[in-house]
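Comments concern the structure below.
The values are calculated or read from the model by the stated rules, or taken from the named source; none is laboratory data. In this text, all values refer to a predicted model and were calculated from it rather than measured experimentally. Don't worry about glycine lacking a Cβ; one is built from the backbone with ideal geometry, like all the others, and counts go over all protein chains shown. Note: accessible area is taken over every heavy atom of the protein model, side chains too, but ligands, DNA and RNA are not part of it. Shrake-Rupley method; radii C 1.70, N 1.55, O 1.52, S 1.80 Å.
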Amino acid sequence: VSVSRAIKPFAEPGRPPDWFSQKHCASQYSELLETTETPKRKRGEKGEVVETVEDVIVRKLTAERVEELKKIIKETQEKYRQLKKDAELIQAGHMDNRLEELCNEILMWVI
(Lines give C-alpha, C1' and ligand atoms only; values in the text may rest on other atoms or scores of the structure.)
Protein backbone atom coordinates (compact mmCIF):
# COMPACT_ATOMS: atom_id res chain seq x y z
CA VAL A 1 0.00 0.00 0.00
CA SER A 2 2.78 2.42 0.88
CA VAL A 3 4.38 2.04 -2.55
CA SER A 4 1.14 2.65 -4.41
CA ARG A 5 0.46 5.77 -2.30
CA ALA A 6 4.03 7.04 -2.68
CA ILE A 7 4.04 6.89 -6.48
CA LYS A 8 0.49 8.18 -7.05
CA PRO A 9 1.60 11.86 -7.24
CA PHE A 10 3.91 10.97 -10.14
CA ALA A 11 1.13 9.53 -12.30
CA GLU A 12 0.78 10.42 -15.93
CA PRO A 13 -2.59 11.88 -16.89
CA GLY A 14 -5.14 9.39 -18.15
CA ARG A 15 -4.28 6.48 -15.86
CA PRO A 16 -7.32 4.46 -14.74
CA PRO A 17 -8.37 4.83 -11.07
CA ASP A 18 -7.22 1.32 -10.15
CA TRP A 19 -3.75 1.82 -11.64
CA PHE A 20 -2.25 2.43 -8.21
CA SER A 21 -4.12 -0.29 -6.39
CA GLN A 22 -2.05 -2.60 -4.23
CA LYS A 23 -2.95 -5.57 -6.46
CA HIS A 24 -1.97 -3.81 -9.69
CA CYS A 25 1.33 -2.58 -8.25
CA ALA A 26 2.15 -6.11 -7.08
CA SER A 27 1.36 -7.58 -10.51
CA GLN A 28 3.51 -4.96 -12.28
CA TYR A 29 6.42 -5.64 -9.92
CA SER A 30 6.02 -9.38 -10.40
CA GLU A 31 6.10 -8.90 -14.18
CA LEU A 32 9.28 -6.83 -13.88
CA LEU A 33 10.93 -9.56 -11.83
CA GLU A 34 9.94 -12.24 -14.35
CA THR A 35 11.18 -10.31 -17.39
CA THR A 36 14.48 -9.18 -15.89
CA GLU A 37 17.51 -11.39 -16.23
CA THR A 38 18.98 -12.46 -12.93
CA PRO A 39 22.54 -11.21 -12.62
CA LYS A 40 25.13 -13.96 -12.49
CA ARG A 41 26.89 -14.22 -9.18
CA LYS A 42 30.62 -13.79 -9.31
CA ARG A 43 33.11 -15.36 -7.02
CA GLY A 44 35.20 -12.78 -5.39
CA GLU A 45 36.43 -11.29 -2.21
CA LYS A 46 34.30 -11.12 0.89
CA GLY A 47 32.34 -7.94 1.16
CA GLU A 48 32.07 -7.54 -2.59
CA VAL A 49 28.79 -5.92 -3.59
CA VAL A 50 26.75 -8.22 -5.80
CA GLU A 51 24.20 -6.66 -8.12
CA THR A 52 20.65 -7.73 -7.30
CA VAL A 53 17.63 -8.10 -9.57
CA GLU A 54 16.25 -4.93 -8.02
CA ASP A 55 19.42 -3.05 -8.99
CA VAL A 56 19.05 -4.24 -12.59
CA ILE A 57 15.39 -3.14 -12.66
CA VAL A 58 16.22 0.30 -11.25
CA ARG A 59 19.04 0.78 -13.76
CA LYS A 60 16.83 -0.31 -16.67
CA LEU A 61 13.86 1.86 -15.68
CA THR A 62 16.11 4.83 -15.00
CA ALA A 63 17.68 4.54 -18.46
CA GLU A 64 14.23 4.30 -20.08
CA ARG A 65 13.00 7.38 -18.20
CA VAL A 66 16.12 9.35 -19.12
CA GLU A 67 15.44 8.57 -22.80
CA GLU A 68 11.80 9.62 -22.44
CA LEU A 69 12.85 12.90 -20.84
CA LYS A 70 15.45 13.56 -23.56
CA LYS A 71 12.73 13.05 -26.18
CA ILE A 72 10.35 15.43 -24.37
CA ILE A 73 13.11 18.05 -24.05
CA LYS A 74 13.93 17.78 -27.76
CA GLU A 75 10.25 18.16 -28.74
CA THR A 76 9.86 21.15 -26.41
CA GLN A 77 12.97 22.82 -27.83
CA GLU A 78 11.72 22.33 -31.39
CA LYS A 79 8.34 23.80 -30.48
CA TYR A 80 10.04 26.76 -28.78
CA ARG A 81 12.21 27.45 -31.83
CA GLN A 82 9.16 27.37 -34.11
CA LEU A 83 7.17 29.70 -31.83
CA LYS A 84 10.12 32.08 -31.59
CA LYS A 85 10.45 32.11 -35.38
CA ASP A 86 6.71 32.76 -35.75
CA ALA A 87 6.89 35.60 -33.19
CA GLU A 88 9.74 37.23 -35.10
CA LEU A 89 7.81 36.96 -38.38
CA ILE A 90 4.71 38.48 -36.75
CA GLN A 91 6.71 41.39 -35.31
CA ALA A 92 8.30 41.99 -38.71
CA GLY A 93 4.83 42.14 -40.29
CA HIS A 94 5.33 39.14 -42.58
CA MET A 95 2.38 37.20 -41.21
CA ASP A 96 -0.34 39.85 -41.13
CA ASN A 97 -2.45 37.79 -43.55
CA ARG A 98 -2.35 34.78 -41.15
CA LEU A 99 -2.94 36.58 -37.84
CA GLU A 100 -6.56 35.45 -37.51
CA GLU A 101 -5.59 31.84 -38.24
CA LEU A 102 -2.74 31.98 -35.69
CA CYS A 103 -5.05 33.53 -33.11
CA ASN A 104 -7.51 30.67 -33.57
CA GLU A 105 -4.67 28.13 -33.16
CA ILE A 106 -3.62 29.79 -29.90
CA LEU A 107 -7.19 29.72 -28.63
CA MET A 108 -7.38 25.99 -29.42
CA TRP A 109 -4.22 25.37 -27.29
CA VAL A 110 -5.67 27.34 -24.38
CA ILE A 111 -9.00 25.54 -24.45
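The table below gives the values:
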{"read-out": "Every pair of residues 6+ apart whose Cβ atoms lie under 8 Å, when the first sits in the range 96-107 and is free of Cβ contacts under 8 Å to residues at least 60 places away in the same chain and under 17 Å from residue 82 (Cβ atoms) while the second is assigned to a helix (DSSP H, G or I) and open to solvent by less than 90 Å² (accessible area, probe 1.4 Å)", "value": "99/90; 102/86; 102/90"}
{"read-out": "Filter result for the condition that a residue is open to solvent by 70 Å² or more (accessible area, probe 1.4 Å) and in a helix (DSSP H, G or I), over 106, 57", "value": "106"}
{"read-out": "Residue selected from the range 12-33 under the condition aliphatic (A, V, I, L, M) and touching a helix residue (DSSP H, G or I) at 6+ places or on another chain (Cβ under 7 Å), by the criterion nearest to residue 61 (Cα to Cα)", "value": "32"}
{"read-out": "Qualifying residue in the range 37-51 (condition: part of a helix (DSSP H, G or I) and not small (Gly, Ala, Ser))", "value": "no"}
{"read-out": "Any chance residue 9 is loosely packed, with under 10 Cβ neighbours inside 10 Å and either in contact (Cβ under 8 Å) with a residue 40 or more places away in the chain or not aliphatic (A, V, I, L, M) (or both)", "value": "yes"}
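Residue-wise test of (1) modelled with pLDDT of 85 or more; (2) surrounded by 10 or more Cβ atoms within 10 Å (Cβ to Cβ).
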{"position": "44", "(1), (2)": "no, no"}
{"position": "49", "(1), (2)": "no, no"}
{"position": "61", "(1), (2)": "yes, yes"}
{"position": "65", "(1), (2)": "yes, yes"}
{"position": "70", "(1), (2)": "yes, yes"}
{"position": "73", "(1), (2)": "yes, yes"}
{"position": "82", "(1), (2)": "yes, yes"}
{"position": "87", "(1), (2)": "yes, yes"}
{"position": "102", "(1), (2)": "no, yes"}
